[in-house]
Each structure stands twice: as structure tokens, then as C-alpha cells.
Amino acid sequence: MSMNSFGHLFRVTTWGESHGPALGATVDGCPPGVALTADMLQHWLDLRKPGTSKYTTQRREPDQVKILSGMFEGQTTGTPIQLMIENTDQRSKDYGDIAEKFRPGHADITYWQKYGIRDYRGGGRSSARETAARVAAGGVAREAIKTLVPGVEITGYMTQIGPHKIDRSRFDWDQIDQNPFWCPDATAAADWADYMDALRKSGNSVGAVVEIVAKGVPAGLGAPVYGKIDTDLAAAMMSINAVKGVEIGEGMNAACLTGEENADEIFMGNDGQPVYSSNHAGGILGGISTGQDLVVRFAVKPTSSILKTRQTITKSGEAAEIITKGRHDPCVGIRAVPVGEAMMACVILDHLLLHRGQIGENRGKIG
């Protein structure tokens, strides 16, 4: 299986399976001299790990990350950083009943059609467990960004579960860490809890929408045509397990606006830097960052493994019924929030390095 790497100068290759002995990432291209410890990475992994609330899978994994290379005396050396996370709470027997069957909505059938072999224990590489490695790599990227551009802040949150959306008039950044849904709307979070309790007990699942915002990103990152930062952001988010749609800024809603409404007017600020009247563009124009907040949104489909009888076929082509046992997220979007943050960090660092390599400092001066 090829294509397990992403990034240009900051390049991440993930490896491992859901029910294998371990999984992890090889991070290449991190600048030298970045202060880094396993504890720094562990903070982000603890936010993603399973079993943190009743609304996520009850698989109990400590997700303890180990740094095996690329470090000396607490700093990165500029050589490849090997990250490893051991699996400790696999229950492969939960999947014995589906060894010969394909789960509807899952990658089982396409993996079999393509490779002629599949790891039915939790889905192998198609499992959301793979995202633990991304979060670890994203932690490396965050620390490198701090060294290159202090002040960049990356924050993710959920804006929708199923049909239930937040009210943006009640948006409160301080609420994001106060509930199990990363929800910036306290009223919506309470409603979601009731909704999810009923859904979880019924054995069903539901999708969600996650929004990631990066503040303090300098203007000038990205390049026209094939090197657009929004191209790489969209690809990074779409590569996350179960993601089915990505938007930048106004996204699909831009089709509803007129040119007058959509254009973010430009003024000179008191500090001699341009300021914008709005941010419909999501902080990107022509594939290049404007200095405004980068805003990316992605839709996560419902978890395919559910305790509901569904019709399917076997590898031999016979009709069958299937109920997926085991421990699964009723809304995988909840744990996708730190994953989206990690992918944002990796893309931003990659483009910081690309920009530094070609341009150095921005050449165009205003005023």
C-alpha cells in the first residue's frame, strides 16, 4: 500500500494498524533546534485518545507516545523523528463475525476489491485509530511553528452534530474546553448531550461538522495554481478518516452571495498593515494567506460500525445481514477536532518552510 505520506518540506509518513502492536509516524524535515519532549506531544494525544467521555468509543488506550529518533539533549536535530504509539487494548475477537462480510459504509469492500486482502480487525489502516499518529506529528509541527512564528494559535471546535447546529450569536471561545463536544455554544452543548444520549443507547451513529481556525498566520504563505495553501489544507482535511466534505471560509455558502457581499473590503490599519471588513475568503486569496484567520470546515460522516442490522454481501457474493459488535464512536466527529488541528499545523509549518526557502521575507511592501 503506497501513498502514506503527506507534505512537501515538512513530510509525515504514518504507519501501523488499528489492531497491530503499534502505530506511529516518521516526521521528516522538522527544522533543527526545536525544543521538544514526549510530554509536549502527549498533551495533544490526550485530547484525542478514546474513552475520554461516554460519547466516544470505550476502547481504553493510553496513547503514550515515544520519540525514538531525531532528538539530542531535548532538541530536534533536523533528522527524521520517529514517533511510536503502542496499542494495548485491542479486542480482535469482536470482529470475528465480519471476517467474511463487508460493513456497509466502510472501506471493507473497496480494500478487498483493490488489494485482495484486508485486515478486518477494526479496519486496519482505514480505522480512525490511524489519526493518533497524525496528532503526534501535529504536535511536532506546533512546536516548530512556535520557534518560527510565535503567536500562531490553532483552535478547533464542532459547529454541528447531525441536524443540530450552534447559534453563532452565542459563540464563546471559552466554552470549547468546557464540554465533551468542543462546542463554543453552551446551550447547544447541553442539547447535544441529550441528543447523543438517546442516539448512543439506540446503537446508532451520526455525523458532524468541525471548524478549525488558525490565528496569527502571516500573509504570503502559499503559491498560485498548484501550490495553494487552501489546496493543501483541503487535501489534508479530506484525508482524515470519514471526512466527506471540506470548505474554506464561506465555502459552499459563497454560491449564495453576490460579489458585493462576498468581497472582503480592504483598509489601512493604525499599525500600517491592511485590515479587512470581513473574512469570507477564510484568510486566503489566490492560494496565498492574507494574514487574516485561516478558516477551514469539514464534514464527518456517521460512524459506519453500528449496532443496527444492515444488509450486505460476503466475499463469496452471498447475501447476508450484519451487526458490527465492538466499541465504536457514536459520533467520530468529536475526536476529529484535535486531528483537524494537527493537520492544520502540519500544513502551516510546511508552507512556512516553503515560503522561507523561496522568498525569505515578504517582498511586497504596502504604504
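The values are calculated or read from the model by the stated rules, or taken from the named source; none is laboratory data. Every value quoted in this text rests on a predicted model; they were computed, and no experiment measured them. Glycine also receives a Cβ, built like all others from the backbone with ideal geometry; neighbour counts cover every protein chain displayed. For accessibility, only protein heavy atoms count, side chains too; no ligands or nucleic acids. Shrake-Rupley method; radii C 1.70, N 1.55, O 1.52, S 1.80 Å.
Worth a mention:
- Alpha-carbon centroids, segment 161-211 and segment 346-367: separation in whole Å: 37
- Inter-label distance, Gln64 to Ala198: 4.2 nm, where each label sits 7 Å from its Cα along the C-beta direction.
- GluC sites (Glu not before Pro) restricted to DSSP loop in segment 271-367 with at most 14 other C-beta within 10 Å: Glu318, Glu361
- Calculated P(r) of the chain - Cα pairs past 29 Å, %: 44
- Diffusion coefficient (Stokes-Einstein, Kirkwood radius over C-alpha pairs, 4 °C, 1.567 mPa s) for segment 236-313: 84 µm²/s, rounded to a whole number.
- Folded to 0 to 90 degrees: helix 38-48 orientation relative to the chain principal axis, Cα: 60
- With the cut-off at under 16 Å, measuring from each backbone N in segment 190-222 to a point 7 Å along the Cα-to-Cβ line of Arg168 picks out 209-214.
- Compared with the dominant principal axis of the Cα atoms in the chain, helix 186-202 is inclined by about 20°.
- Karplus-derived HN-Hα couplings along segment 134-151 (A = 6.51, B = -1.76, C = 1.60, θ = phi - 60°), whole Hz, x at Gly and Pro: 5, 5, 4, 5, x, x, 4, 4, 4, 5, 5, 4, 4, 6, 7, 9, x, x
- Dipole magnitude for the chain: about 1300 debye, using +1 per Lys or Arg Cβ and -1 per Asp or Glu Cβ, origin at the Cα centre.
- Taking only protein heavy atoms and a 1.4 Å probe, the accessible area of segment 281-340 is 53% carbon and sulfur.
- One quarter of the surface of the convex hull around the alpha-carbon atoms of segment 232-367 equals 13.2 nm², the direction-averaged projected area.
- Per residue, segment 215-354 exposes 45 Å² of accessible surface when a 1.4 Å probe is rolled over the protein heavy atoms with every protein chain present.
- Zone of Thr37's modelled label, taken as backbone nitrogen in segment 62-85 under 13 Å from a point 7 Å along Cα→Cβ: 73-75
- Residue with peak Gaussian network fluctuation, the chain [Cα springs, cutoff 10 Å], from Ala342, Ala133, Ala190: Ala190
- Each part gets one Cα centre, and for segment 218-239 versus segment 312-331 those centres are 37 Å apart.
- Given 15 as the ceiling on other Cβ atoms within 10 Å, longest exposed-site-free region of the chain for trypsin sites (Lys or Arg not before Pro) in DSSP loops: 92-307
- Gain in span if fully extended, Gln178 to Val149, counting 0.36 nm per residue against the direct Cα distance: 7.6 nm
- The listed residues His19, His328, His8, once ranked by accessible area (1.4 Å probe) with the largest placed first, stand as His8, His328, His19.
- Electrostatic tally near Val275: other residues with Cβ closer than 12 Å to its Cβ, Lys and Arg +1, Asp and Glu -1, net -3.
- Taking all protein chains together, Val152, Val275 sort by accessible area into Val275, Val152, largest first [probe 1.4 Å].
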